[in-house]
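> Below is a structure I'd like to ask you about.
The values are calculated or read from the model by the stated rules, or taken from the named source; none is laboratory data. All values reported here derive from a predicted model rather than from experimental measurement. Virtual Cβ from ideal backbone geometry, glycine too; neighbours counted across all protein chains shown.
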Amino acid sequence: METKKAQSPKKGEKKDIATSLRDFFVDGLKDIYWAENALVQTLPKMFDHSTDQKLKTAIKDHLAQTKEHVKRLEQVFESIGEKAEGKKCMAMDGIIKEGEGIIEETQEGPVRDAGIIASAQKVEHYEIATYGTLAAFAKTLNERTALDLLLRTLGEEKKSDTLLSYIADTNLNSQAVDGRLRSKDLNAV
Ligand code: FE
Ligand code: FE
């Protein structure tokens with residue numbers, strides 16, 4: 001008798017886990033909804049302060065995608081019968097503030113561009129982690145429409161990150177060439 005009584009809270013706990021997972025899911029959606037909206041405000045500033053043409057194009061293109069991510073999240077909220085609302089994401093707020101600090105501390109040019117790429121990649125990595133987790137939650141909760149939408153955004157964040165890595169590599173290569181030229185100049189002297 002006592003053993004059976006001891007088992008019933010376990011069943012209750014399982015229900016709580018499912019409810020908690022859904023709460024986590026909705027909380028995570030509010031968090032990334034705030035973050036995507038904040039990025040719609042931040043990306044134009046990053047565009048204005050960068051000089052490399054490939055970087056500017058990547059930021060401009062990703063701004064258009066980010067606006068799409070906001071809309072897609074609204075579709076996710078709708079698909080699970082929740083109101084679309086944001087909740088301040090402290091992590092993204094920190095990453096954005098760090099990026100603003102880099103811009104303040106540098107002058108226009110390749111070094112600032114490298115700093116912008118670094119902070120843009122931190123943004124993408126946070127988004128990749130978040131969308132990956134949310135997609136896993138959607139799968140577990142059997143929210144198929146939400147899963148499909150979240151995976152589409154996840155794919156775009158990954159592509160954006162890969163492009164930023166490519167641009168960073170190109171910049172590093174050109175800096176290496178500059179370094180070799182400087183050595184030659186020094187040898188000539
Ligand atoms: Fe995004
Ligand atoms: Fe992104």
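> What residue, among those in segment 24-39 that are buried (at least 21 other Cβ atoms within 10 Å of the Cβ) and either aliphatic (A, V, I, L, M) or at positive phi (or both), is farthest from ligand 2 (Cβ to nearest atom)?
Of everything passing the filter in segment 24-39, LEU29 is farthest from ligand 2 (Cβ to nearest atom).
> Does GLU124 meet the test of being part of a helix (DSSP H, G or I) and either of a type outside the set (D, E, K, R) or within 17 Å of LEU43 (Cβ to Cβ) (or both)?
It is true that GLU124 is part of a helix (DSSP H, G or I) and either of a type outside the set (D, E, K, R) or within 17 Å of LEU43 (Cβ to Cβ) (or both).
> A follow-up question, please. Taking only segment 48-104 into account, find how many residues are out of contact with any helix residue (DSSP H, G or I) (no Cβ under 7 Å at 6 or more places or on another chain) and outside any helix (DSSP H, G or I).
Residues flagged as out of contact with any helix residue (DSSP H, G or I) (no Cβ under 7 Å at 6 or more places or on another chain) and outside any helix (DSSP H, G or I) within segment 48-104 amount to 1.
> To continue, here is another question. List the residue pairs whose Cβ atoms are under 7 Å apart, where the first residue sits in segment 148-160 and is charged (D, E, K, R), the second is within 11 Å of ligand 1 (Cβ to nearest atom), and the two are 6 or more positions apart or on different chains.
ARG152/ARG72; GLU156/GLN65; GLU157/GLU124; GLU157/GLU127; GLU157/ILE128; GLU157/TYR131; LYS158/ILE128
> I need a count of the residues in segment 104-138 that are buried (at least 16 other Cβ atoms within 10 Å of the Cβ), aliphatic (A, V, I, L, M) and at pLDDT 95 or above.
Final tally of qualifying residues: 8.
> Shifting gears a bit: Of the residues GLY99, GLY86, GLY109, which single one is on the phi > 0 side of the Ramachandran plot, in contact (Cβ under 8 Å) with a residue 40 or more places away in the chain and out of contact with any Leu (no Cβ under 8 Å at 6 or more places or on another chain)?
Numbers: GLY99 fails: on the phi > 0 side of the Ramachandran plot; GLY86 fails: on the phi > 0 side of the Ramachandran plot.
Among GLY99, GLY86, GLY109, only GLY109 is on the phi > 0 side of the Ramachandran plot, in contact (Cβ under 8 Å) with a residue 40 or more places away in the chain and out of contact with any Leu (no Cβ under 8 Å at 6 or more places or on another chain).
> For the list (1) surrounded by fewer than 21 Cβ atoms within 10 Å (Cβ to Cβ); (2) within 15 Å of ligand 2 (Cβ to nearest atom); (3) of a type outside the set (Lys, Arg), I need the number of the one condition that THR153 fails.
THR153 satisfies all of (1) surrounded by fewer than 21 Cβ atoms within 10 Å (Cβ to Cβ); (2) within 15 Å of ligand 2 (Cβ to nearest atom); (3) of a type outside the set (Lys, Arg) except (1).
> Then there's this: Does HIS62 satisfy the criteria of being within 12 Å of ligand 2 (Cβ to nearest atom), in contact (Cβ under 8 Å) with a residue 60 or more places away in the chain and touching an Asp or Glu at 6+ places or on another chain (Cβ under 6 Å)?
In short, no.
> Of THR162, THR153, which residue is in a helix (DSSP H, G or I), β-branched (Val, Ile, Thr), at pLDDT 95 or above and farther than 30 Å from GLY109 by Cα?
Of the residues listed, the single one that is in a helix (DSSP H, G or I), β-branched (Val, Ile, Thr), at pLDDT 95 or above and farther than 30 Å from GLY109 by Cα is THR153.
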